[in-house]
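The values are calculated or read from the model by the stated rules, or taken from the named source; none is laboratory data. What you are looking at is a predicted structure, and each value in this text was computed from that prediction instead of being measured. With ideal geometry, Cβ positions are generated from the backbone for all residues, glycine too; neighbour counts draw on all protein chains shown. When the accessible area is computed, the model is the full protein with side chains, heavy atoms only, and any ligands, DNA or RNA have been set aside. Shrake-Rupley method; radii C 1.70, N 1.55, O 1.52, S 1.80 Å.
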Amino acid sequence: MIDSPASPTDTEVAAAAALAGAEIVRARYGRRHSRIDKGAGDFATDVDVAAEEAILDVIRGARPGDAVHGEEGGRRGAVDAVREWLVDPLCGTLNYATGSHLVAVNVALRNGPAAVADPFSGEVFLTDGETAWVQYDADGYGQGQTDVRGRRVADGHVSGPVARRRPVGEERLAPTAGTRLVDVNLDPPFPGAPAFRAVDLLAHPGFVERFRPRVVSTTLALAWVAAGRRAAYVTDGGDLSGSVHFAAGIALCRAAGCAVTGVDGGPVGPGGLGLVVAADAETHGLLMSMIRGGGRSA
C-alpha cells in the first residue's frame, strides 16, 4: 500500500516493491525454510512466496489496474490490463537456501522502469528507462524499514510524503570493463547447444587471456555489469526480454549504456537467443568473436 498525497512514479513503485521483497528475504535469512518442488532439481521456498506477496502488496496499492507476473504466482490482475509488472522475488534461491548472500529481488514494469535490490548490501539499482543509478545505505535498512526517496517502507508497505531530495549514497551507474570479470550462467536449460555452450566459452584460450570467469548463479550479476563491478555477463536461453529473471537487469544495463545483444549478436526480444551484456563495445566484440568461434580456438 502506498499512502501519500502525491502519486508515486513508476520508478518509485518499482523501488519500493523491490525493497519490500528484499526486507522479507533479509529478515528470514538463516532460518529453516520449506521447499516447493518445481521439478528437474529446481525449487522455491516459503521465502520466495512471502517476498512475492510483499512485492504484490506494494504494486497493487500503487497501481491497482496493472497486471503482475510473478515467478511463483504467475500472472495476476485483469486479463485486459495494458501494463504488466515482472517480478522475481528471490533470484538465486539455491544460493539462499544454502546460506549464500548472492541473491537479488527483481521488479520491472514491462518496457519501463525497473529495480534490482540486493537484500544484504542494502543497495537498490534503479532505472527510469533513461538513466540508471544505485541507492545504498538507506536509512533504517535492516531494521524493518527503509527509505525510497523519502517513502517509508515497513513490512511490505510504503507510506509518508515524497521527499524530492537527493538521498545520501545515490550515484549514477558507470559500466567499465576494468575488472575483467565475466559472469557466465551455467544453469540449464541450454537451448543454444551444440552451437553455443557456455563451458566452451570458458575453455577458449582468448577468454582466459583477457578475462576472469565468475559464476554467481543470480541475475544480480547483471546489475553489477551496469555498476562496473563485472565486465560482462553471458547466458544461454531464448527471448529473455520478458523473463521475470532478466527483465529488470536488462533494463538497468540498457539505461546504463551497456552493449546488450543475444548470443547470436541479434537484438534481445522476440526470436532472440540468450544474452551477452558487456560494459563496452570492445568487450562485447571480443566475447562475440569467441562465441562465434565455437569457444574452442583463439
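For the listed peptides 239-245, 174-180, a ranking on the average number of other beta carbons within 10 Å per residue, highest first, reads 239-245, 174-180.
Test of the criteria: in region 1-85, which trypsin sites (Lys or Arg not before Pro) are in a DSSP loop and have at most 10 other Cβ atoms within 10 angstrom of their Cβ?
Those satisfying the criteria are R31, R32.
Estimated from helices alone, the mean residue ellipticity of the chain at 222 nm is -8000 deg cm²/dmol (sum of -39500 (n - 2.57) over DSSP H runs with n ≥ 4, per residue). Placing a pseudo-label 7 Å from each Cα along the Cα-to-Cβ vector at A81 and A195 gives an inter-label distance of 3.5 nm. Region 188-250 and region 70-99 have Cα centres lying 21 Å from one another. At a Cβ-Cβ separation cutoff of 4.7 angstrom, cysteine residues of the chain with no neighbouring cysteine are C91.
In this structure the chain gives 42 Å² per residue of accessible area when probed at 1.4 Å with all protein chains present. Considering only DSSP beta bridges with both partners in the chain, what is the antiparallel share in %, to the nearest 5? Roughly 75 percent of the DSSP beta bridges within the chain come out antiparallel. Between N111 and R292, the C-beta separation translates, for a Förster distance of 22 Å, into a calculated FRET efficiency of about 0.15. Scanning the chain for long hydrophobic helices, with DSSP H runs required to stretch 18 angstrom or more by C-alpha along their axis and to average at least -0.5 on the Kyte-Doolittle scale, returns 10-27, 46-62. Normalised by residue count, region 167-298 yields a Cα convex hull volume of 99 Å³ per residue. GNM remark for the chain: springs join alpha carbons under 10 Å apart, and the peak mean-square fluctuation among G92, G266, G70 falls on G266. Surface composition of the chain: carbon plus sulfur atoms contribute 51% of the solvent-accessible area (1.4 Å probe, protein chains only, all chains present).
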